[in-house]
1. Filter the range 74-89 down to the residues that are among the hydrophobic types (A, V, I, L, M, F, W, C), out of contact with any Ser or Thr (no Cβ under 7 Å at 6 or more places or on another chain) and surrounded by 13 or more Cβ atoms within 10 Å (Cβ to Cβ) and list them by number.
2. From the list Leu7, Leu11, Leu68, Leu37, which one is under 22 Å from Gly85 (Cα atoms) and either in contact with a Leu (Cβ under 6 Å, 6 or more places away or on another chain) or in a helix (DSSP H, G or I) (or both)?
3. Quick check: anything in the range 14-27 of a type in the set (A, V, I, L, M, F, W, C) and crowded, with 19+ Cβ neighbours inside 10 Å?
4. For the subset of the range 1-13 comprising residues that are surrounded by 14 or more Cβ atoms within 10 Å (Cβ to Cβ) and either under 13 Å from the mean Cα position of the chain (by Cα) or among the hydroxyl-bearing types (Ser, Thr, Tyr) (or both), which member is modelled with the lowest pLDDT?
5. Of the residues Thr55, Thr39, Thr61, only one is at pLDDT 90 or above, among the β-branched types (Val, Ile, Thr) and either within 14 Å of Leu74 (Cα to Cα) or more than 13 Å from the chain's Cα centre (by Cα) (or both); which?
6. Find the residue count for the range 42-57, including only residues that are of a type in the set (Val, Ile, Thr) and touching a residue at least 12 places away in the same chain (Cβ under 8 Å).
7. What tally of residues in the range 40-61 results from selecting those that are polar (S, T, N, Q) and either in contact with a Lys or Arg (Cβ under 7 Å, 6 or more places away or on another chain) or under 12 Å from Leu2 (Cα atoms) (or both)?
8. In the range 44-89, what residues are of a type in the set (A, V, I, L, M, F, W, C) and in contact with an Asp or Glu (Cβ under 7 Å, 6 or more places away or on another chain)?
Amino acid sequence: MLSTASLVLFLFSALFTLLGFPCCLGCLNWIAAPLCLATAIVGFVGLMFDRDPTTREGRATNTHLMALVGGLVLLSISVGRCFMGGGVV
């Protein structure tokens, strides 16, 4: 369940960040930044708590790690793009 949430949030945050990168659509980064932060948080929670109940091994570790690292990278891109635009919506 958490792996699906990590994957979907990562795809949406990547989509909003990439769509908000051109000059005319920079306001989308104001949506992308909190979405990227939520992606990183869900990825972190998935790494810590998404475990198989019998063996206690992590499930979908690569997906959660991708969401955590990718969310942080996309967050830095979208916040940087907001600063480049002067913070104007």
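The values are calculated or read from the model by the stated rules, or taken from the named source; none is laboratory data. Being a predicted model, the structure only gives us computed values, none of them experimental. Using ideal geometry, Cβ is built from the backbone for each residue, glycine included, and neighbour counts are taken over all protein chains shown.
1. Within the range 74-89, the subset among the hydrophobic types (A, V, I, L, M, F, W, C) is 74-75, 77, 79, 82-84, 88-89.
Checking which are out of contact with any Ser or Thr (no Cβ under 7 Å at 6 or more places or on another chain) leaves us with 75, 79, 82-84, 88-89.
Listed by number, the residues that qualify are Leu75, Val79, Cys82.
2. The conditions single out Leu37.
3. Yes, because at least one residue in the range 14-27 is of a type in the set (A, V, I, L, M, F, W, C) and crowded, with 19+ Cβ neighbours inside 10 Å.
4. The qualifying residue modelled with the lowest pLDDT is Ser3.
5. Thr39
6. 2
7. So the first thing to find is which residues in the range 40-61 are polar (S, T, N, Q), and the list is 54-55, 61.
Then drop every residue that is not either in contact with a Lys or Arg (Cβ under 7 Å, 6 or more places away or on another chain) or under 12 Å from Leu2 (Cα atoms) (or both), which leaves 61.
Of the residues in the range 40-61, 1 are polar (S, T, N, Q) and either in contact with a Lys or Arg (Cβ under 7 Å, 6 or more places away or on another chain) or under 12 Å from Leu2 (Cα atoms) (or both).
8. Ala60 - this is the single residue of the range 44-89 that is of a type in the set (A, V, I, L, M, F, W, C) and in contact with an Asp or Glu (Cβ under 7 Å, 6 or more places away or on another chain).
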